[in-house]
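Undergrad: Structure provided below as structure tokens; questions to follow.
The values are calculated or read from the model by the stated rules, or taken from the named source; none is laboratory data. Since the model is a prediction, treat every value here as computed from it, not as a measurement. Cβ sites come from the backbone with ideal geometry, for glycine too, and all protein chains shown count toward neighbours.
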């Protein structure tokens, strides 16, 4: 039986890449959604659907016709858990690319409901904090007792998504936020604790700004001469 994959936010850079990858490596029937009727270049097995997540009845309908939902409709700073709740009710597996701890905290409250329904829900699978945390975990396991984790990245190296990374980062830096420091949660003011960072070439120019990032509560470094 051919699997049916629904990609919410499938017309954005991340969602579109997910659709292309699934079309390339599987035989799944793919439906990508967006708020406008813009057609993107995809394989013939990809169907395009106009959908706003605020359209609850339509959202129920499209999710009920899927085997798995890939939630790429960020930014996730202010998203609620409605998509996952519908997936649980409809018995549909779920994965998202969320990048904010506030959203993670919300969806984790649905763990028992998903488990009772036998639903698999995989969260935070994006680069930040998903893959970055996996990289940290791999490194930590090489030591008997790691003392400190310091994670830095350059948004200019995000495959052409530098502007998007900057925008979503600044959304999270508008207000004070909690960060895990010295074994406890502390309130941190945005743009504090600046620190010069030298990266390998070609990004190793002076002028990097280090700051605490609410996405993963570690250090973020912005490349000022951004090229996209």
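Undergrad: Among residues belonging to the range 14-33 that are in contact with a strand residue (DSSP E or B) (Cβ under 7 Å, 6 or more places away or on another chain) and over 17 Å from residue 94 (Cβ atoms), point out the one that is modelled with the highest pLDDT. Spell out how you get there, then give the answer.
TA: Restricting attention to the range 14-33, the residues satisfying the condition of being in contact with a strand residue (DSSP E or B) (Cβ under 7 Å, 6 or more places away or on another chain) are 15, 18-19, 22-23, 28-33.
Still in the list and also over 17 Å from residue 94 (Cβ atoms): 23, 29.
Values: 23: 91, 29: 94.
Restricting to residues being in contact with a strand residue (DSSP E or B) (Cβ under 7 Å, 6 or more places away or on another chain) and over 17 Å from residue 94 (Cβ atoms), the top hit is 29.
Undergrad: Consider residue 47 carefully, then state whether it is part of a helix (DSSP H, G or I), surrounded by fewer than 17 Cβ atoms within 10 Å (Cβ to Cβ), free of Cβ contacts under 8 Å to residues at least 60 places away in the same chain and outside the structural domain of residue 175 (by TED's automatic domain parsing).
TA: no
Undergrad: Something else: Scan the range 73-91 residue by residue and report those that are at pLDDT 95 or above and either crowded, with 22+ Cβ neighbours inside 10 Å or touching a strand residue (DSSP E or B) at 6+ places or on another chain (Cβ under 6 Å) (or both).
TA: 83, 84, 87
Undergrad: Any idea which residue in the range 44-65 is modelled with the highest pLDDT, counting only those that are more than 25 Å from residue 79 (Cα to Cα) and touching a strand residue (DSSP E or B) at 6+ places or on another chain (Cβ under 8 Å)?
TA: The extreme case among them is 46.
Undergrad: Here is a follow-up. If the Cβ limit is 7 Å and pairs must be 6+ apart or interchain, which residue in the range 130-147 that is not assigned by TED's automatic domain parsing to the domain that holds residue 97 and in a helix (DSSP H, G or I) pairs with which residue that is surrounded by 12 or more Cβ atoms within 10 Å (Cβ to Cβ) and at pLDDT below 90?
TA: Here the result reads 130/124; 132/151; 132/216; 133/216; 136/149; 136/151, each pair linking the range 130-147 to a residue that is surrounded by 12 or more Cβ atoms within 10 Å (Cβ to Cβ) and at pLDDT below 90.
Undergrad: Being modelled with pLDDT of 75 or more and surrounded by 18 or more Cβ atoms within 10 Å (Cβ to Cβ): is that true of residue 179 here? Walk me through how you get there before you give the answer.
TA: Working: modelled with pLDDT of 75 or more: yes; surrounded by 18 or more Cβ atoms within 10 Å (Cβ to Cβ): yes.
Criteria met by residue 179.
Undergrad: Go through the range 107-126 and give me each residue that's touching a helix residue (DSSP H, G or I) at 6+ places or on another chain (Cβ under 9 Å), part of a helix (DSSP H, G or I) and under 30 Å from residue 152 (Cβ atoms).
TA: Hit for the range 107-126 is 107, nothing else.
Residue-wise test of (1) assigned by TED's automatic domain parsing to the domain that holds residue 169; (2) under 26 Å from residue 133 (Cα atoms); (3) at pLDDT below 95.
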{"residue": "12", "(1), (2), (3)": "no, yes, yes"}
{"residue": "41", "(1), (2), (3)": "no, no, yes"}
{"residue": "69", "(1), (2), (3)": "no, yes, no"}
{"residue": "99", "(1), (2), (3)": "no, yes, yes"}
{"residue": "103", "(1), (2), (3)": "no, yes, yes"}
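Undergrad: While we're on this one: Is it fair to say residue 174 is part of a loop (DSSP other than H, G, I, E, B) and either surrounded by fewer than 12 Cβ atoms within 10 Å (Cβ to Cβ) or modelled with pLDDT under 80 (or both)? Before you say what the answer is, go through the steps one by one.
TA: Values: part of a loop (DSSP other than H, G, I, E, B): yes; either surrounded by fewer than 12 Cβ atoms within 10 Å (Cβ to Cβ) or modelled with pLDDT under 80 (or both): yes.
When the stated conditions are applied, residue 174 passes them.
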